[in-house]
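**Q** Structure below; questions to follow.
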Amino acid sequence: QRRSVAVYSQPDGATSWERHATGVLGPDEPKQPEFDAAAWPPAGAEPLDLNGFYADLADSGHGYGPAFQGLTAAYQLGDEVFVEAVFPGDGEDRVTECAAYGLHPALFD
């Protein structure tokens, strides 16, 4: 069954909500990536500079806590961006944190 989804936020002290994204979620046929997943990063992808990335986001009003600061590398190929991310915690804490979700919310960012 497919379902509509929308993502909203409301800054502290604000009286209205702002919609950031809409979409449809549901089962689909598995698809193979359009790039060679065995070759990482994808051929021709250019590395992106992440120095100051989270500080810049915070300066623009989008503060991310430690659980959502997992980007370790990013690459751009045309209009696509590929990232490497780690989840918060160590060892068993990380396993417990990730197991609590079907898809960890940090991956949506």
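**Q** Would you check which residues across segment 5-56 are surrounded by 10 or more Cβ atoms within 10 Å (Cβ to Cβ), polar (S, T, N, Q) and more than 19 Å from the chain's Cα centre (by Cα) and list them?
**A** Within segment 5-56, Q10 is the sole residue that qualifies.
**Q** Here are some residues: A74, A21, A99. Which one is modelled with pLDDT under 90 and of a type in the set (G, A, S)?
**A** A99
**Q** Looking at this structure, is F35 farther than 23 Å from H20 by Cα, in contact with a strand residue (DSSP E or B) (Cβ under 9 Å, 6 or more places away or on another chain) and of a type in the set (A, V, I, L, M, F, W, C)? Reasoning before the result, please.
**A** On the way: farther than 23 Å from H20 by Cα: yes; in contact with a strand residue (DSSP E or B) (Cβ under 9 Å, 6 or more places away or on another chain): yes; of a type in the set (A, V, I, L, M, F, W, C): yes.
Taking the combined requirement at face value, the residue satisfies it.
**Q** When segment 87-109 is examined, which residues are found to be closer than 24 Å to A21 by Cβ and in a loop (DSSP other than H, G, I, E, B)?
**A** F87, P88, A100, Y101, G102, L103, H104, D109 - these are the residues of segment 87-109 that are closer than 24 Å to A21 by Cβ and in a loop (DSSP other than H, G, I, E, B).
**Q** If you go through segment 57-79, how many residues are in contact (Cβ under 8 Å) with a residue 24 or more places away in the chain and either surrounded by 13 or more Cβ atoms within 10 Å (Cβ to Cβ) or assigned to a strand (DSSP E or B) (or both)? Spell out the reasoning first.
**A** Kept after step one, since they are in contact (Cβ under 8 Å) with a residue 24 or more places away in the chain, are these residues of segment 57-79: 61, 64, 67-68, 70, 73-77.
Keeping just the survivors that are either surrounded by 13 or more Cβ atoms within 10 Å (Cβ to Cβ) or assigned to a strand (DSSP E or B) (or both) gives 64, 67-68, 70, 73-77.
Final tally of qualifying residues: 9.
The values are calculated or read from the model by the stated rules, or taken from the named source; none is laboratory data. Just so we're clear, the structure is a prediction, and the values are computed from it rather than from any experiment. Virtual Cβ from ideal backbone geometry, glycine too; neighbours counted across all protein chains shown.
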